[in-house]
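Read the structure below first, then the notes.
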Amino acid sequence: MNLKIFDLIGISAATLCLIHCILFPLMMIIPLGIPHSPLIDAAFLAIGLTVVFRITKTIGSVRLKTLFWVSIALIAVSVGLDFMFHFHSGLIYFGAAGLITAHIINFKNHKH
């Protein structure tokens, strides 16, 4: 599969994750009866891990690989804290923003 597609999937998933993480706490203020499920965060993490693993196997830039893996690690720590302690960490925002940035940089580096 073309790596540009993985970047597009990664950008989309990280953006949806960031929107979910920002809007869901606001939706909790409105009594709609929607509970939070850490499984949604885990699904975003699984998609992110798959895409980051596939992309970082082929890129040569150590800085870009580091940005990918640090960002996914921040998301993983945040999801882990949510599963273990029911604590929502702000690390997930930085991780999602880092993934979006890394995917955009990687997408722009592709030969078109």
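The values are calculated or read from the model by the stated rules, or taken from the named source; none is laboratory data. Computed from a predicted structure; not experimentally measured. Neighbour counts are summed over all protein chains in view; Cβ atoms, including those assigned to glycine, are modelled from backbone coordinates with ideal geometry. Areas reflect the complete protein model, heavy atoms only, side chains present, ligands, DNA and RNA absent. Shrake-Rupley method; radii C 1.70, N 1.55, O 1.52, S 1.80 Å.
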Original post:
Using DSSP loop states and a limit of at most 16 other Cβ atoms within 10 Å to flag trypsin sites (Lys or Arg not before Pro), what is the longest stretch of the chain containing no flagged site?
Top reply: 1-56
Subject >> Ellipticity estimate at 222 nm from DSSP helix runs (n ≥ 4, -39,500 (n - 2.57)) divided over the chain, nearest 500 >> reply: -28000 deg cm²/dmol
Original post:
Near Lys57, which aspartates and glutamates are there with a Cα under 17 Å away, not counting those fewer than 8 places off in the same chain?
Top reply: Asp7
Subject >> Mean projected area (nm²) of the alpha-carbon convex hull when the stretch 30-76 is viewed from all directions >> reply: 4.1
Subject >> With every protein chain in place, the stretch 1-96: carbon and sulfur % of accessible area (1.4 Å) >> reply: 77
**OP:** Pairs of Cα atoms under 8 Å, at least six residues apart: use those to get the relative contact order of the chain, whole percent.
**Re:** 38
Subject >> Tail weight of P(r) past 24 Å, computed on alpha-carbon pairs of the stretch 1-111, percent >> reply: 25
Original post:
For the chain, with every protein chain kept in place, what is the accessible area per residue (1.4 Å probe, Å²)?
Top reply: 60
